[in-house]
Amino acid sequence: MKGSTYHRCYCRDAETGKPLGKACPKLGSRKHGAYSIRQELPNAEDGTRRSFNRAGYETLKEAQADLDHVRGLLALGKEDPDDLALVSDLLVKVADEKAQLPDIEETRNRLKAGQDLSSRVTVGEWLDTWLAGKKIRKSGITRYECDVRVHLKPRIGHIRVDRLRVSTLAEMFTAIADANEEILENNALRHALKAELDAVPIKGVENRARRKALRAELAGMPPFRRTTGAATRQRIRATLRTALNDAIPEGLITLNPAAHVKLDPAAKPKALVWTPERVAQWQATGVKPSPVMVWTPQQTGAFLDFVAADRLYAMWHVIAFRGLRRGEACGQLWSETNLDNGSLTVTAQLVQDGWEVEESDPKTDGSFRTVALDDDTVAVLRRHRERQQKERADWGPAWKDTGRVFTNEDGSWLHPGKVTEMFERLVTASGLPPIRLHDLRHGAATLALAGGVDMKVVSDMLGHSSIKITSDIYTSVLPEIAKDAAEAAAKLVPLQRKTEAEARAKAAAEAEKAKRKAAKKAKRKAKKAKGQPKINPSAHASLTQAIL
C-alpha cells in the first residue's frame, strides 16, 4: 500500500482566492508551509477507499517518523486479514479524532488478547462501572466508594485504563503520603483558630465582631481531615487492584499495575498487656503504650464484677470469655444458641453503614463457626434469657421479636456503635486502664492461651481464616505465661558446666568459709596462749646461766 510525505502550504492567490499549492513561490523554503503524510489503507467493507492523512509537521523527519509508525501498525495485520481490518479501523478513528498514534507494542498485545483496539475508557469511568456492578454488602460498597471518591478518581480518574502504569501509581501513593504534612498543618491551624474563638468572651461589641471574624475565617479553612496512614494506603491499593482485576476479562487491560506497585508495609500494632508498670505510666502521662491493650485476668474479673448489675452483662461476659466480635454478639440468634449442649453457632452479624445498621453474613468463611460455652457462661446466658422474657412480658404487644440474644429493652436490634459507647462509659466508670471493646475479644484469646489452649483451637474460637493471623496478633501473651515458657525451655537442656555467676558465688562462699576457719583458729591459739604462765626474759636468762 502506497504512502508518502509531502510539503505544502496554505497560501492563496490574491485575485482568485484559490490555494496556490505547489505553485507557491515560497514553498522552496523549508521554513515555509508544513509537511504532511498520506498512507493508503485497505478498503472498507463496502469497497470505499480509505487513507490515513495527517498534516502540520514542522520537519520532514517528524513526518517520516509518523508515517513509519503508521506502516508499523499496519504490519501487525499482515498475516491475518481480520487483524489488518481492525488496525485499519483504528487508524481511521485516530485520524478523525486527531488523536495520538497508538503504541505499536501495546496494539500488538491487544490484538493477541482479542481486546478492543479503540478502547478509550478512563480509570474514573471504569471505577464507576465496576462499583455499579458490585454485589456485596452495603458497608463494603461504602468503603470502596470512599476510596474511589477521595483518592482514586481525583488523582488518576482522567487516565485511560490501558495507559495506567506502575510508575503512575507509585507517584500517586507518594503524593498521598506527602499530603499528610499539609493535612496536619491545616488541622493545627484550625485547632489554634478554634481555641482562639473559644477564648473570646461572648459579651461586648468588639468581642462579638471578633468572634464573627474568627467564625468566618474558620468557615473558609479546609475541614478537619484524617491523615492517610500506611494501612489506609494498602487498603486503597487493594480497592484499585480488585477493580483492575475485573477489567482484565473485559478486555480493557492485560496487566494489573496495582498488583506490582510497592508500598511501605503497614505494621499491625501488637497486643500488649496492662502490667503494673504500664498502668503507672498511663496514669502519669495519659498515653496508652499501644493502640491494642489487653487486661490481665485480674483486671477482666474486676470489670465483670463492676458491671455485674448491667442489663447487658451477659454480652460483656460472652465477649470477654469466648471472643465474639461486636457485630457477631449483636447479631447472635437464640435459634443458633444451644444452652443444653453448651454451644452457640455464629451465622450472622449486625454491621454499620455510616450510622445505619444492617444484617450481614459473618466477616469471612472462617467466621461461620460453632463456639463451645463453659458452664459458667451457660448459667449467665440462662439468667439473661429469663430477664429478657420478663422484659418481653412487660412490653406486651410493643415487643419487637427479632430473635436476638442481646437486644434493647423492647427487643429491637442493638446498634453496634451505641454498644461501643456503652462499653467505653463502663470502662471509664470502673477506673480500669482503657481498652477498646474489640480488645475484650483479644483478652478472650489471651485468657485461652494462658489456660493452655492450643493455638489452632483459639484460632477456631475467634473465627480467624488462618492460624497465622492468630499467632501474628497474639505474640505477646500474659507475662507470667511467657516466664513459665522460658523456664520450661531452660530446664529441658541438662548442663554440666556452671555459669559464671554460679562460679563467682561459689568462690565467694569458699573464701568466706576459709576466712571463718582462720578466725576460729586464731581465736583458739589466743585462748591457749592466755592460759600459760608468763616468764620474765631476764629472769629466764639468769636461770639458764646458773644451770649451766
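The values are calculated or read from the model by the stated rules, or taken from the named source; none is laboratory data. Computed from a predicted structure; not experimentally measured. Positions of Cβ are generated from backbone atoms using ideal geometry, with glycine treated the same way; all protein chains shown enter the neighbour counts. When the accessible area is computed, the model is the full protein with side chains, heavy atoms only, and any ligands, DNA or RNA have been set aside. Shrake-Rupley method; radii C 1.70, N 1.55, O 1.52, S 1.80 Å.
Of the residues making up segment 30-59, those that are outside any strand (DSSP E or B) and surrounded by 11 or more Cβ atoms within 10 Å (Cβ to Cβ) are 30, 32, 33, 42, 43, 44, 58, 59. For segment 371-400, the candidate set comprises residues that are in contact with a Gly (Cβ under 6 Å, 6 or more places away or on another chain) and either open to solvent by 90 Å² or more (accessible area, probe 1.4 Å) or in a helix (DSSP H, G or I) (or both); within that set, the residue that is farthest from residue 328 (Cα to Cα) is 400.
When 402, 345, 428 are checked against the criterion of being at negative phi, touching a Pro at 6+ places or on another chain (Cβ under 8 Å) and of a type in the set (Val, Ile, Thr), 428 stands alone in meeting it. The test for being modelled with pLDDT of 75 or more, over 28 Å from the mean Cα position of the chain (by Cα), of a type in the set (Lys, Arg) and assigned to a helix (DSSP H, G or I) holds for residue 525. Kindly indicate whether residue 150 is surrounded by fewer than 18 Cβ atoms within 10 Å (Cβ to Cβ), touching a residue at least 24 places away in the same chain (Cβ under 8 Å), aliphatic (A, V, I, L, M) and assigned to a helix (DSSP H, G or I). So residue 150 does not fit the description; no.
If you check 356, 328 for being under 34 Å from the mean Cα position of the chain (by Cα) and surrounded by 15 or more Cβ atoms within 10 Å (Cβ to Cβ), only one passes: 328.
One line per residue, one yes/no per condition, for (1) outside any helix (DSSP H, G or I); (2) open to solvent by less than 30 Å² (accessible area, probe 1.4 Å); (3) touching a residue at least 24 places away in the same chain (Cβ under 8 Å):
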{"site": "79", "(1), (2), (3)": "yes, no, no"}
{"site": "84", "(1), (2), (3)": "no, no, yes"}
{"site": "88", "(1), (2), (3)": "no, yes, yes"}
{"site": "93", "(1), (2), (3)": "no, no, yes"}
{"site": "100", "(1), (2), (3)": "yes, no, no"}
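Within segment 155-173, the set of residues being open to solvent by 30 Å² or more (accessible area, probe 1.4 Å), among the hydrophobic types (A, V, I, L, M, F, W, C) and not in a loop (DSSP other than H, G, I, E, B) comprises 166, 170.
When segment 190-209 is filtered for residues that are in a helix (DSSP H, G or I) and exposed (fewer than 14 other Cβ atoms within 10 Å of the Cβ), the ones remaining, listed by number, are 191, 192, 195, 198, 199, 205, 206, 207, 208, 209.
Taken together, 111, 131 contain a single residue that is part of a helix (DSSP H, G or I), open to solvent by less than 80 Å² (accessible area, probe 1.4 Å), of a type in the set (A, V, I, L, M) and modelled with pLDDT of 85 or more, which is 131.
For segment 421-434, the count of residues that are of a type in the set (Lys, Arg), closer than 24 Å to residue 337 by Cα and open to solvent by 90 Å² or more (accessible area, probe 1.4 Å) is zero. Here is a check on your reading of the model: is residue 287 open to solvent by 40 Å² or more (accessible area, probe 1.4 Å), aliphatic (A, V, I, L, M) and assigned to a loop (DSSP other than H, G, I, E, B)? Spelling it out, residue 287 is indeed open to solvent by 40 Å² or more (accessible area, probe 1.4 Å), aliphatic (A, V, I, L, M) and assigned to a loop (DSSP other than H, G, I, E, B). Note on segment 146-194: among residues that are aliphatic (A, V, I, L, M) and in contact with a Pro (Cβ under 7 Å, 6 or more places away or on another chain), the one that is nearest to residue 216 (Cα to Cα) is 169.
Looking only at residues of segment 243-294 that are more than 18 Å from the chain's Cα centre (by Cα) and of a type in the set (Ser, Thr, Tyr), we find that the one that is modelled with the lowest pLDDT is 254. The lone criterion from (1) open to solvent by less than 20 Å² (accessible area, probe 1.4 Å); (2) more than 25 Å from the chain's Cα centre (by Cα) left unmet by residue 176 is number (2).
Here residue 237 passes the criteria (1) buried (at least 16 other Cβ atoms within 10 Å of the Cβ); (2) at positive phi except the one numbered (2).
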